[in-house]
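As structure tokens, the structure follows; a few thoughts come after it.
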Amino acid sequence: QVQLVESGGGLVQPGGSLRLSCGASGILVRNYVMGWYRQAPGKQRELVASIGSGGFTNYADSVEGRFTISRDNAKNTVYLQMNSLKPEDTDVYYCNARGAVVNYWGQGTQVTVSA
């Protein structure tokens, strides 16, 4: 059974930092395109960042230069380092593992950026 478990969300002030973690079981993250998505109530889920099996990374324009996605194959975990956070970054963040014919999601973690 595949599980993606996110952690690290919370409340942070504007300009602050958070690091999200996505621990995987049942799959090897190095074999999948791993991504972080976010979704606000009533809005579509959007891609924040992704990292391919070869290490290629991709970022949404809105987070380029502020967020960094990384992968630790030994821990089978994917991270999202979020710096210079803004109120508009407030969302539920989801971890995703995408293979050729499968697509797995975590349960999400809330990130709130507020003074």
Pick out which of Pro87, Pro41, Pro14 has the largest mean-square fluctuation in a Gaussian network model of the chain, springs linking Cα atoms closer than 10 Å. Pro41
Among DSSP beta bridges lying fully in the chain, give the percent that are antiparallel, nearest 5. 95
For region 27-113 the trypsin sites (Lys or Arg not before Pro) that pass both the DSSP coil test and the at-most-12 other-Cβ-within-10 Å test are Lys43, Lys75
For the chain, just say rounded, prolate or oblate: build the C-alpha gyration tensor, square-root its eigenvalues into a ≥ b ≥ c, call rounded for a/c under 1.5, and beyond that prolate if a/b exceeds b/c, oblate if not. prolate
Taking the Cα centre of the chain as origin and charging only Cβ (+1 Lys, Arg; -1 Asp, Glu), how large is the dipole, in debye to the nearest 20? 220
Contour excess over end-to-end distance, with Cα ends at Lys86 and Lys43 and 0.36 nm allotted per residue: 13.7 nm
For the chain, what relative contact order do you get, as a whole percent, if you take Cα pairs closer than 8 Å and at least 6 residues apart? 37
Percent accessible area from carbon and sulfur atoms, region 1-103, protein chains only, probe 1.4 Å: 46
Cα gyration tensor shape for region 27-70, rounded if a/c is under 1.5, else prolate or oblate: oblate
Probe 1.4 Å, accessible area per residue of the chain, Å²: 53
Place a label point 7 angstrom from the Cα of Ala74 along the Cα-to-Cβ direction, then list the residues of region 16-58 whose backbone nitrogen is under 19 Å away. 21-25, 28-31, 55
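The values are calculated or read from the model by the stated rules, or taken from the named source; none is laboratory data. As the structure is a computational prediction, the values presented were derived from the model and not from experiment. Every residue, glycine among them, receives a Cβ derived from its backbone with ideal geometry; neighbour counts consider all protein chains shown. Accessible surface is based on the protein model in full, side chains and every heavy atom, while ligands, DNA and RNA are left aside. Shrake-Rupley method; radii C 1.70, N 1.55, O 1.52, S 1.80 Å.
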